[in-house]
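Here's the structure we're looking at; comments come further down.
The values are calculated or read from the model by the stated rules, or taken from the named source; none is laboratory data. Everything quoted here is computed from the prediction, not taken from an experiment. With ideal geometry, Cβ positions are generated from the backbone for all residues, glycine too; neighbour counts draw on all protein chains shown. Note: accessible area is taken over every heavy atom of the protein model, side chains too, but ligands, DNA and RNA are not part of it. Shrake-Rupley method; radii C 1.70, N 1.55, O 1.52, S 1.80 Å.
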Amino acid sequence: MPEDSLSSLPQFWQIWKNPIFTRYRRSKLRISALITGALLYGGLSVFILLISIGISAEYLQTKFEDTAIYPFIVLIFLQIMIMNFGGTGAVAAGMARESIDDVLTYQRLTPLSPLTKVIGYLTGLPIRQYYHTLTTVPVTIALIFMGGIEMKIWLPIYTVLFTSTIMFHLLAMSVGFIMGKKFSALISQGLVALLYLAFPQLSKFGFVVFEYLTMRPTLFISLQGEIPISYVRSETAMFFNWEISHTWYSIAVQTLLSLVFLSILLRRWRQESAHLLSKAQSVLMCAVAHTIILGGIWANTSNGAIFDVDLNRGRTESRFPSPPLQAEQKQGIPPDLLTQNPKAVIVEEVIEQNPQYVASTIIGVYGLISLALAVLLQYLYTPDKFTYFAGIRQRLKDGRSSFALFPDSASAIPTTLVITVMSIYAWLLYSRHLLNTAEIQQYLDGRSWQSLETLIILTLSAPLLGHGFAMEQWGKKLIGTMALFIWVIPLATALLGTAWNLNQDIFGLLYGFSPLAMVFAPAFGLTHLDYLMDRPFIVGSLIGTTLYFALSIIALTMICKRHKLFLGTQKRD
């Protein structure tokens, strides 16, 4: 193509010239769609405004400026639903449709840069949702002026709404692009629902970083002084020992995750067969993820706030009253606590007197997060044997060494070793920090926790090495299917035996065979230090780690033999 033609192509920031954006603007914003959107969402926002004014004047007998914050909040939630749920579904469905119709294959042949194509789809596919949100903006602005809503309230909210929208839309693009299924929209919206409803629950165990993937912290902190809402957070968030605003924390976490999704999309645009993340990017992502998780939980552990458990927080009254406490149960409980949920009070008292239960739970959850993150990355950077052999053949043809570290066709063994070591180090680092707190030192009373560190190393390294090496030898589909059964069936069987109160020793051993439960062995060991090896779960975990180490050795031996045999064949040819 002539240079003058290439220079006339739009840059990634010239959205108005982007042909992909223009295509969707013309197809999704026809006159009928514009009128329907204005009547539906613009009319709904005007209806909310008018009904709020009426209620304030006729029923509450107060000035509207005193109650304008409430319709403002309703509009915010409406805009969140439009952009984070509706827009995410539109992006995922649009990318899946383009993939099924082979339009993406055609787009790869166009001279536009990969970033320009990503920006075109990112702005074009949800353009109808952007328009729907835009129709609610005039009423939102009117509420801000009529109610005297300060900038410090609405500016952080809309800033984080923008960054979260970009993050969710890039997530939806990745799902639709990679999977190319008709139900990609439901998967993407399900992931958004998990991020809003399930992941924030991890903050109860101290992992507050997952809450900053959503708008919850910024939204609640901004509105806390305006409406009667109980959101137990300080005015600033803590990252290690540094104070940072909740808004900037949310922006940083969401931007980092957006960059990960953007990297995935750019790699797939450049080459359809490329891994979703390179080996170097996978190592970097593992390091950044552990740094962010540790930063969010470190300070709360240092000051002991992580041991403050309040089960009555945000509790609503039940229509089934709890039974009253017996006289002996009331002993030692302050009278003001007896007016709360009695069962919750008892549990809180037990936890306060036994902080090792909180510590063991946090250690176990951190191990599970480390395992899940490392296994997910293994699926992203591990090559299949055909890609591996093709890479060796090409390097030998170019006169280079058959060994390589970073190409997609290189063996994943070095990367697996590095990520395993990083995951173990992060888990050990936090566990030592937690065990050195005053509350746990008082519980330990001079006892050594070296056995817990040994369990941390064994229960995380064994499944990661076994799974990673086996995946490279026998393939992702086979090992993924086998792992689904081998990891879940022992755990499900043990849970069934526990529920039916069957032989606890046998089912305790079964727990240890599943890596999903195996990573909780150090947590279990913390509460059973005096008779650690007498517990069937610990014995089962050690047997399980032995089996996974054996699997990793067998797979590694077969990989080396396969590599040597292939090199011999290439030399003869």
Within segment 7-31, considering residues that are open to solvent by 80 Å² or more (accessible area, probe 1.4 Å) and assigned to a helix (DSSP H, G or I), the one modelled with the lowest pLDDT: 7
Scan segment 284-304 for residues that are in contact with a helix residue (DSSP H, G or I) (Cβ under 8 Å, 6 or more places away or on another chain) and open to solvent by 40 Å² or more (accessible area, probe 1.4 Å) and jot them down. 285, 288, 298, 300, 302
Evaluation of residue 434 against (1) more than 19 Å from residue 356 (Cα to Cα); (2) open to solvent by less than 30 Å² (accessible area, probe 1.4 Å) (one fails), failing number: (1)
Looking across segment 188-247 at residues that are open to solvent by 20 Å² or more (accessible area, probe 1.4 Å) and part of a strand (DSSP E or B), the single one that is nearest to residue 76 (Cα to Cα) is 245
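Could you please find all residues in segment 144-160 being part of a loop (DSSP other than H, G, I, E, B) and farther than 10 Å from residue 72 by Cβ? Give the derivation first.
In the first step, residues of segment 144-160 are kept if they are part of a loop (DSSP other than H, G, I, E, B); the result is 148-150.
148, 150 - these are the residues of segment 144-160 that are part of a loop (DSSP other than H, G, I, E, B) and farther than 10 Å from residue 72 by Cβ.
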Close pairs (7 angstrom Cβ cut-off, 6 or more residues apart or separate chains): closer than 21 Å to residue 98 by Cα in segment 18-41, open to solvent by less than 40 Å² (accessible area, probe 1.4 Å) and outside any helix (DSSP H, G or I) anywhere: 18/10; 24/125
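Kindly establish whether residue 542 is surrounded by 16 or more Cβ atoms within 10 Å (Cβ to Cβ) and over 30 Å from residue 442 (Cα atoms). Give the derivation first.
Values: surrounded by 16 or more Cβ atoms within 10 Å (Cβ to Cβ): yes; over 30 Å from residue 442 (Cα atoms): no.
Considered against the rule, which asks whether it is surrounded by 16 or more Cβ atoms within 10 Å (Cβ to Cβ) and over 30 Å from residue 442 (Cα atoms), residue 542 comes out as no.
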When you go through (1) of a type outside the set (Phe, Trp, Tyr); (2) surrounded by fewer than 16 Cβ atoms within 10 Å (Cβ to Cβ); (3) under 26 Å from the mean Cα position of the chain (by Cα); (4) at pLDDT below 90 one by one for residue 81, which number turns out not to apply? (4)
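Give, as residue ranges, the helices (runs of 4 or more DSSP H) completely inside segment 33-87 that count at least 3 residues that are aliphatic (A, V, I, L, M) and under 24 Å from residue 229 (Cα atoms). Outline the logic, then answer.
Values: elements: 43-58, 64-67, 69-80.
The helices (runs of 4 or more DSSP H) meeting that bar are 43-58, 69-80.
Name the residue, out of 404, 390, that is in a loop (DSSP other than H, G, I, E, B) and of a type in the set (A, V, I, L, M). If you could, list the steps in order and put the result at the bottom.
Details: 390 fails: in a loop (DSSP other than H, G, I, E, B).
Going through 404, 390 in turn, the sole match is 404.
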Determine whether segment 512-522 contains at least one residue that is among the polar types (S, T, N, Q), over 25 Å from the mean Cα position of the chain (by Cα) and not in a helix (DSSP H, G or I). no
Is it true that residue 556 is within 19 Å of residue 461 (Cα to Cα), surrounded by fewer than 20 Cβ atoms within 10 Å (Cβ to Cβ), out of contact with any Leu (no Cβ under 6 Å at 6 or more places or on another chain) and not small (Gly, Ala, Ser)? yes
Among the candidates 173, 179, residue that is under 30 Å from residue 275 (Cβ atoms) and modelled with pLDDT under 85: 179
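Of 571, 561, which residue is of a type in the set (Lys, Arg), open to solvent by 50 Å² or more (accessible area, probe 1.4 Å) and either modelled with pLDDT of 85 or more or touching a strand residue (DSSP E or B) at 6+ places or on another chain (Cβ under 8 Å) (or both)? Walk me through it before giving the result.
Numbers: 571 fails: either modelled with pLDDT of 85 or more or touching a strand residue (DSSP E or B) at 6+ places or on another chain (Cβ under 8 Å) (or both).
Only one candidate passes the filter, namely 561.
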Please go through (1) in a loop (DSSP other than H, G, I, E, B); (2) touching a helix residue (DSSP H, G or I) at 6+ places or on another chain (Cβ under 8 Å); (3) not hydroxyl-bearing (Ser, Thr, Tyr) for residue 452 and return the number of the only condition it doesn't satisfy. (1)
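Could you list all residues from segment 471-512 that are hydrophobic (A, V, I, L, M, F, W, C) and surrounded by 23 or more Cβ atoms within 10 Å (Cβ to Cβ)?
The initial filter retains those residues of segment 471-512 that are hydrophobic (A, V, I, L, M, F, W, C), namely 471, 474, 478-479, 482-489, 491-492, 494-496, 499-500, 502, 506-507, 509-510.
Selection gives 471, 479, 494, 510.
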For the list (1) at pLDDT below 85; (2) of a type in the set (A, V, I, L, M, F, W, C); (3) closer than 13 Å to residue 170 by Cβ, I need the number of the one condition that residue 109 fails. (3)
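Of the residues 98, 65, only one is acidic (Asp, Glu) and open to solvent by 30 Å² or more (accessible area, probe 1.4 Å); which? Walk me through it before giving the result.
On the way: 98 fails: open to solvent by 30 Å² or more (accessible area, probe 1.4 Å).
Being acidic (Asp, Glu) and open to solvent by 30 Å² or more (accessible area, probe 1.4 Å) holds for just one of 98, 65, which is 65.
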Would it be correct to say that residue 447 is modelled with pLDDT under 90 and open to solvent by less than 70 Å² (accessible area, probe 1.4 Å)? no
Output for Cβ contacts, cut-off 8 Å, separation at least six or different chains, first residue within 8 Å of residue 212 (Cβ to Cβ) and in contact (Cβ under 8 Å) with a residue 60 or more places away in the chain in segment 242-253, second among the acidic types (Asp, Glu) and open to solvent by 30 Å² or more (accessible area, probe 1.4 Å), reads none
